[in-house]
1. With at pLDDT 95 or above, assigned to a strand (DSSP E or B) and surrounded by 14 or more Cβ atoms within 10 Å (Cβ to Cβ) as the only criterion, which of 57, 20 stands out?
2. Return only the number of the condition from (1) under 22 Å from residue 61 (Cβ atoms); (2) free of Cβ contacts under 8 Å to residues at least 40 places away in the same chain that residue 81 does not satisfy.
3. Are any residues in the range 1-17 surrounded by 15 or more Cβ atoms within 10 Å (Cβ to Cβ) and over 18 Å from the mean Cα position of the chain (by Cα), and if so, which ones?
4. When you scan the range 23-50, how many residues do you find that are assigned to a loop (DSSP other than H, G, I, E, B) and either without any contact (Cβ under 8 Å) to a residue 24 or more places away in the chain or closer than 21 Å to residue 124 by Cα (or both)?
């Protein structure tokens, strides 16, 4: 199994970033024009939210399929510091819409499962980042 790895490269335009993973997938990041960027891709905050959103949708789909529940679709809306920068920490709101003929017990269980997705656990747990200069 591959170790999830992403490489980020500065682009030719101010604040633009090219990203590539160990499997060759490519995407980009940038800042909006009002912050001096070219607005050519999502901001770092949006990239972080996209990780949680993708993980939430995938985890719920996998769980419902395993249980053979009638989940026909999932939509997740996420916001980063929706009320402005808090005095301490970071706030993320996540609103999950479930489609399908699910009863209330199934819906509540899926909410529990969403709160146990790997990215949710990573973002709410202790994170250590070891930084060093290369070569």
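The values are calculated or read from the model by the stated rules, or taken from the named source; none is laboratory data. None of these values were measured; they are calculated from a predicted model. Cβ: placed from backbone, ideal geometry, glycine included. Neighbour counts: every protein chain shown.
1. On the way: 57 fails: assigned to a strand (DSSP E or B).
After ruling out the rest, the residue left standing is 20.
2. It is condition (1) that residue 81 fails.
3. So the first thing to find is which residues in the range 1-17 are surrounded by 15 or more Cβ atoms within 10 Å (Cβ to Cβ), and the list is 11, 15-17.
Residues satisfying the conditions are 11, 15, 16.
4. Qualifying residue count, the range 23-50: 10.
To keep it simple, each residue is scored yes or no on (1) farther than 30 Å from residue 134 by Cα; (2) loosely packed, with under 12 Cβ neighbours inside 10 Å; (3) touching a strand residue (DSSP E or B) at 6+ places or on another chain (Cβ under 7 Å).
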position: 44; (1), (2), (3): no, no, yes
position: 79; (1), (2), (3): yes, no, yes
position: 98; (1), (2), (3): yes, no, yes
position: 101; (1), (2), (3): yes, yes, no
position: 105; (1), (2), (3): yes, yes, no
position: 114; (1), (2), (3): yes, no, yes
